[in-house]
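Just below is one structure, and these are the notes that go with it.
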Amino acid sequence: MAEVGKREVRVDAFDKATGRTKYYEDLMPRDALYVRIKHSTIAHGFVKSVDTTAAEAIPGVVKVLTCFDVPEHPFPTAGHPWSMDPDHQDVADRHLLNRHVRYYGDDVAVVIAENEVAAMQGVRALQVEYEELPLVLDAQEAMKPGAPRLHDDYPDNVLKHTDMKKGDYQAAIREPGLIRVEGWYDTPTVQHCHIENHGCFAYEENGRITVVASTQIPHIIRRVVGQALGRPWSDIRVVKPYIGGGFGNKQDALYEPLCAWCSTQVHGRCVRIDCSREETFVSNRVRHAIRFHIVSWLRPDGTFAARKVELFSNQGAYASHGHSIVAKAMGSFPQHYPCDNMECDAWTVFTNRPAAGAMRGYGMPQASFADESNVDDCARAVGMDPLAFRMQNIMPQGYEDGFSHNVNYNDSFRECMEAGRKYIDYDRKMAEYAKETGPIRHAVGMATFWYNTAVYPISLETSSNRMQLNLDGTVTMQCGETEIGQGADTAYAQMTADVVGLKSYKDVHVVSCQDTDITPTGLGAYASRQTYTAGFSIRQTGLLLKEKILQYATDLTRQAVYNMDIVDGNIVRNTDGKVLMSLRELAMTAQYNAAKSEHITAESTFTIRNNAYSFGCTFVDIEVDIPMCKVTLRDIVNVHDCGKLINPALAAAQVHGGMSMAIGYGMGEQLLFDEKNGKPLNNNLLDYKLSTIMDHPHLEAQFIENAEPTSAFGTKALGEPPACSGAPAIRNAILNATGVAIDQNPMNAHILFKRFSEEGLIQD
């Protein structure tokens, strides 16, 4: 019975619903010491001294450690695969605690105590003296001569600059009759807001350090902890239990290295670091704020003659994932709407803001907002319907990217747009709403998205898998691609059941909690890679296990391997379908065969050298109350070609989550800072306007299933793309309703009031 493609209940549903599931805090020893961090109260400067006397005198305080105690060697934190090429390795610019303070909230000291109260009192008792320096919060300001320097190795604060050129832009713009469309588009700093804050605990045992962490990347964390402590990586063991969401924040080494080091400073005792929500907002990672400058040159027929794109990415204080985010964003422009003549430049710039890292979409929500806004501006400039403009200019079937060699095998963009057009009743509503002129207006808007799957050829892409046949005929499966709440374990079980030939996905036991001592090496959960990359090793390992089972069966059945198959958990003869024996019978016999005892297992690694495009679009129907500066989202649909659906129910849930995040990104979310001192102003869920169910209409998820030819199971990116196109679709609907272009998000009441006033729709 085929399991792939069926709507199956999640393997972890019951345990999560009933509270049985074990997260890092559930596994924590009762006697773990509490570690609390002293965060800087300036945005830029140097720690001159830390007076620990009062803190050390507090009952229950075990040890106080400062930035003057930590190892001198810096380490990287990004959750990228290791590279043997030094030029391709992440930037090592962090210390466990920092003397050079680079943002408000930087880590300068820790208090280790027997209980939480003592640890918190100890932190408050620390007296830190600073040498304060000027600060800079804006990326373009940070690039100017004389701006405060954050890192000695980067005198202009530019972490990296890359460019991309195609054709001859300067010659192309001299074509007679061209229409110039220019815009600046700003996207904000936001935070992931996963349910479970980051946390971890660590202890020493038998000369090794064990770290139990809420992380997306256990094998990478093992390496980073080793680097940070200057110890062999084999000295480090990382355990990843179930985690309560990450969205990319936990695709970074956050406090695992510090936690491990603190344990070594108290004779290997178990220590714990539990981030508060305020710490998660500021001292973990944020989404890059990126400013875009786009100049599009159009012919009167609505085709692109040339385009110029500049991107300025606000990296914050430390490199983390660095330039890879804005580089991906830049790379989308030549592919999404191919143009023969293009110039693209991208800068990643250090500022005195919290460090920006990976977040769901990895630069594409920013790029989608800018590009899809500019595309609507272009359509308006030439008098074309925005949907028709996209149909004419968007990536065609058969397109192949020169760098990744991704191929658009199907006309997925147009299929998705037609489905969205039908659902939202686009043509009728566009005509009907265009007649409205009152203070309350309605409109539809749309935007498209594309996404790469995984990270090849930019980085290593590999997956390992282990399977064993259990005595009851079931299969245990292990892999390094982690469950982070998205339902990956269920998809893995369905794929394994199909490859091996089991009766049900329930006959697969997925070991969800990774342990780097025993889990096959895998890179973790990020880049919408899990089903695509793990699929290769699952299929390869499943076939190996199947072959071993059938080889053993030859001695028991006297049948040739090629004459047998595994169907619904039974060994069957191909010629007539006769059931020869069950997997349970075979497993028991193999284990307890006095002449030939064998525990049947298989393990393999697959290095992936392919990538795949994922496509889709979002259509929205909104109501705009101009005097109240209020936008109400009445209907929304996301149409997605993510290849073959492993589990349609899980796929829809992923899309719903992405749509919700896109709504928040477009209409409410923004992490604010005091321009004078860099202090965060809304680093909590009371003041930070996260979208809730009250802000959502019905979330409609539709799919176009064009199986990906390069994929082991026909899958491609699913988890991240739905977060990309919602915000520009809302922006474009506001444009259609009011004629006012909102070129920054979030498009909240403050921004709407400013722009409506500027355009004369609101008068004092």
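The values are calculated or read from the model by the stated rules, or taken from the named source; none is laboratory data. Values in this document were obtained by computation on a predicted structure and should not be read as measured data. Note that we place each Cβ from the backbone using ideal geometry, even for glycine, and neighbour counts take in every protein chain shown.
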Discussion item. Give all pairs with beta carbons closer than 6 Å in which a residue from the stretch 368-380 that is part of a helix (DSSP H, G or I) meets a residue that is among the charged types (D, E, K, R) and surrounded by 24 or more Cβ atoms within 10 Å (Cβ to Cβ); count only pairs at least 6 apart in sequence or on separate chains.
Written reply: 373/731
Discussion item. Please go through the stretch 137-152 and give me each residue that is loosely packed, with under 12 Cβ neighbours inside 10 Å and in contact (Cβ under 8 Å) with a residue 40 or more places away in the chain, ordered by number.
Written reply: none
Worksheet item: Looking at (1) surrounded by fewer than 24 Cβ atoms within 10 Å (Cβ to Cβ); (2) touching a Leu at 6+ places or on another chain (Cβ under 6 Å); (3) not acidic (Asp, Glu), can you tell me which one residue 322 breaks?
Response: (1)
Discussion item. Anything in the stretch 389-416 that is part of a helix (DSSP H, G or I) and in contact (Cβ under 8 Å) with a residue 40 or more places away in the chain? List them, or say none.
Written reply: 389, 390, 392, 393, 412, 413, 415, 416
Discussion item. Any residue in the stretch 124-136 that is closer than 19 Å to residue 109 by Cβ sitting within a Cβ distance under 8 Å of a residue that is crowded, with 17+ Cβ neighbours inside 10 Å and among the aromatic types (Phe, Trp, Tyr)? List the pairs, counting only those 6 or more apart or interchain.
Written reply: none
Worksheet item: Residues in the stretch 162-169: is at least one of a type in the set (A, V, I, L, M) and out of contact with any Pro (no Cβ under 8 Å at 6 or more places or on another chain)?
Response: no
Worksheet, complete the sentence: Of the listed residues (497, 534), the one being within 30 Å of residue 193 (Cα to Cα) and assigned by TED's automatic domain parsing to the domain that holds residue 603 is 534
Discussion item. Given the criteria of a type outside the set (Val, Ile, Thr) and free of Cβ contacts under 8 Å to residues at least 60 places away in the same chain, does residue 10 qualify?
Written reply: no
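When you check residue 537 against the structure, is it crowded, with 20+ Cβ neighbours inside 10 Å, closer than 28 Å to residue 410 by Cα and either at pLDDT 95 or above or among the aliphatic types (A, V, I, L, M) (or both), yes or no?
yes
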Worksheet item: Of the residues that sit in the stretch 687-727 and are among the hydrophobic types (A, V, I, L, M, F, W, C), part of a helix (DSSP H, G or I) and surrounded by 15 or more Cβ atoms within 10 Å (Cβ to Cβ), which one is nearest to the chain's Cα centre (by Cα)?
Response: 723
Item to complete: Those residues that are assigned to a helix (DSSP H, G or I), within 18 Å of residue 376 (Cβ to Cβ) and without any contact (Cβ under 8 Å) to a residue 40 or more places away in the chain, I need them from the stretch 740-755; list them, please.
Response: 751, 755
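What strands (runs of 3 or more DSSP E) completely inside the stretch 68-169 contain at least 3 residues that are in the same structural domain as residue 269 (by TED's automatic domain parsing)?
Working: elements: 107-113, 127-132, 158-166.
Fully inside the stretch 68-169 and qualifying: 107-113, 127-132.
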Fill in: 3 or more residues out of contact with any Lys or Arg (no Cβ under 8 Å at 6 or more places or on another chain) and more than 30 Å from residue 356 (Cα to Cα): qualifying strands (runs of 3 or more DSSP E) within the stretch 592-671
601-607, 630-641
Worksheet item: Can you tell me which residue in the stretch 228-260 is nearest to the chain's Cα centre (by Cα), limited to those that are crowded, with 24+ Cβ neighbours inside 10 Å and closer than 18 Å to residue 205 by Cα?
Response: 240
Response to the item:
Result of the Cβ filter at 6 Å on the stretch 504-518, keeping first residues that are in contact (Cβ under 8 Å) with a residue 12 or more places away in the chain and partners that are among the basic types (Lys, Arg) and buried (at least 17 other Cβ atoms within 10 Å of the Cβ), at least 6 apart or interchain, is 514/240; 516/222; 516/237; 517/237
Practice prompt. Please enumerate the residues belonging to the stretch 672-686 that are touching a Phe, Trp or Tyr at 6+ places or on another chain (Cβ under 8 Å), of a type in the set (A, V, I, L, M, F, W, C) and in a loop (DSSP other than H, G, I, E, B).
Written response: 681
Worksheet item: Taking the stretch 302-331 as the search range and keeping residues that are assigned to a loop (DSSP other than H, G, I, E, B) and under 16 Å from the mean Cα position of the chain (by Cα), which one is nearest to residue 106 (Cα to Cα)?
Response: 320
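One line per residue, one yes/no per condition, for (1) touching a Ser or Thr at 6+ places or on another chain (Cβ under 7 Å); (2) among the aliphatic types (A, V, I, L, M):
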| position | (1), (2) |
| --- | --- |
| 243 | yes, yes |
| 250 | yes, no |
| 265 | no, no |
| 280 | no, no |
| 294 | no, yes |
Discussion item. Of the residues 272, 277, 291, only one is of a type outside the set (A, V, I, L, M, F, W, C), within 30 Å of residue 172 (Cα to Cα), out of contact with any Gly (no Cβ under 6 Å at 6 or more places or on another chain) and touching a residue at least 12 places away in the same chain (Cβ under 8 Å); which?
Written reply: 291
Discussion item. Can you confirm whether residue 518 is β-branched (Val, Ile, Thr) and either over 30 Å from residue 321 (Cβ atoms) or surrounded by 24 or more Cβ atoms within 10 Å (Cβ to Cβ) (or both)?
Written reply: no
